[in-house]
Each structure stands twice: as structure tokens, then as C-alpha cells.
1. Step by step: find N for the range 47-123, compute 2.2 N^0.38 Å, then divide the Cα radius of gyration by it. What's the final number?
2. Work out, step by step, the length gained on full extension between Ser117 and Glu42: first 0.36 nm times the residue separation, then minus their alpha carbon distance; give nm to one decimal.
3. Over the range 1-118, what relative contact order in percent results from Cα pairs under 8 Å that are six or more residues apart?
4. Based on the alpha-carbon gyration tensor of the chain and its eigenvalue square roots a ≥ b ≥ c, which shape applies: rounded if a/c is under 1.5, prolate if not and a/b is larger than b/c, or oblate?
5. How many nm separate the modelled label positions at Ala139 and His78, each set 7 Å beyond the Cα in the direction of the Cβ?
6. Stretched out fully, how many nm does the piece from Lys59 to Met101 gain, at 0.36 nm a residue minus the Cα gap?
7. Probe of 1.4 angstrom, ligands and nucleic acids ignored: what's the accessible area per residue over the range 1-122, in square angstrom?
8. Place +1 on the Cβ of every Lys and Arg and -1 on the Cβ of every Asp and Glu in the range 1-151, take the dipole about the Cα centre, and give the residue among Leu99, Pro70, Thr50 whose Cα lies farthest towards its positive end.
Amino acid sequence: VSDRSLRLLALSGKATGKQIQSFSSVEVPEGLIQHAEIKDQEAVSELIRTLVERAKPKKPKTNKVVAGIPEAQVYSMHVTAPAGITGEELDQLVLKKALTMLPFTLETIAWDYNILSTGETDHDILFAAVRKEIVEGYANTITLAGLDLVALEPESTSLVRSLVTKDLVQEGKG
């Protein structure tokens, strides 16, 4: 999703042998999406239906969607935490650290984090947050289009997850 276009990519297969099942792109008329915020959910949902209908070489086999949010709207940061902390205690520590750097309050954001690695003493963590109104706009619009939103994630995360395999990383190519 961007201010100027919507793009669809459906992959099939396992991590070691992914193939493109479907792809499509439609232009977004000016003003429907501004700075990644959907301004007209009904119009954009119609564009999404068109995007799916035009998919080549064949329509996707599923209604499940993972959507990428443009990086400009995602606040991400690297956080560390002691390796011995897990569960809710880790959640609270990560959130406390992140909130000291975010320009928003907890009530106005949707957030999540992933542990990138755990060493002897620390967890290395990637924290990401997006304004709730952006998340809600994407969720409502995708639902209006008749699709099932499975996840929202930063665009770069979506691309890496979709295209980089464990074999590429192990070979040093990812």
C-alpha cells in the first residue's frame, strides 16, 4: 500500500522454493491515501477488489492478507533486555524503554516486538509501533474489500519474510 499504488504479490511453496502465484498493481487516485493514511476506506476497498480481480497469471487461492505499512509511518527501534527476562515482564520492560523514545502515548499506538537474538546476557529486540488510526484504517478497508487481514507489518519486514530464505542467510546472500 502506498499513496500512489496498491500492489499484490501472492507466493506459494515453502521457504526453500517459493513461486509467484499472482501479482497485480493498481494506481490510487490522488487523495485516497495520504502519507499512508487511508482517507476513503470504501474507495480504497474497491481498488483492492480490482487489484485481486486483475491478478495474473491467476487469482490468489486465499482471502488471507498480510499487508505492509510504509516505513514512513512505522516507528522502529532496537532495544536490549536482560536474557533472563521473559513473558509479561519482558513485554513491560520493552514497552517502557520504547515509550521513552516514541512521540506518542501508549493509548494512541499499536505495537509489537520480535526478539532478534538472545546472547548470554541480553535479548536483542526489534520494537515497532504505528498510530492506531492507521492500523484501524487498514484493517477496516481490507475487511470492506472482503479479505481477511492476518497481519500488518512494516514493508521491509514483509519483503524480507517473503523473499529471503534460511538458505540465503546461511550462505551469506540474504
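1. Details: Rg = 18.4 Å, N = 77, 2.2 N^0.38 = 11.5 Å.
Ratio of Cα Rg to 2.2 N^0.38 Å: 1.60.
2. 22.9 nm
3. Values: 121 pairs, mean separation 24.5, N = 118.
The normalised contact order for the range 1-118 reaches 21 percent.
4. Numbers: a/c = 2.53, a/b = 1.36, b/c = 1.87.
Since a/c reaches 1.5 but b/c is at least a/b, the shape of the chain is classed as oblate.
5. 3.1
6. Length difference between fully extended and current span is 10.9 nm.
7. Value returned for the range 1-122: 64 Å² of accessible area per residue.
8. In the range 1-151, that residue is Thr50.
The values are calculated or read from the model by the stated rules, or taken from the named source; none is laboratory data. Because the structure is predicted, anything quoted here is derived from the model rather than measured. No Cβ is skipped: glycine too gets one built from the backbone with ideal geometry, and neighbour counts run over all protein chains shown. Areas reflect the complete protein model, heavy atoms only, side chains present, ligands, DNA and RNA absent. Shrake-Rupley method; radii C 1.70, N 1.55, O 1.52, S 1.80 Å.
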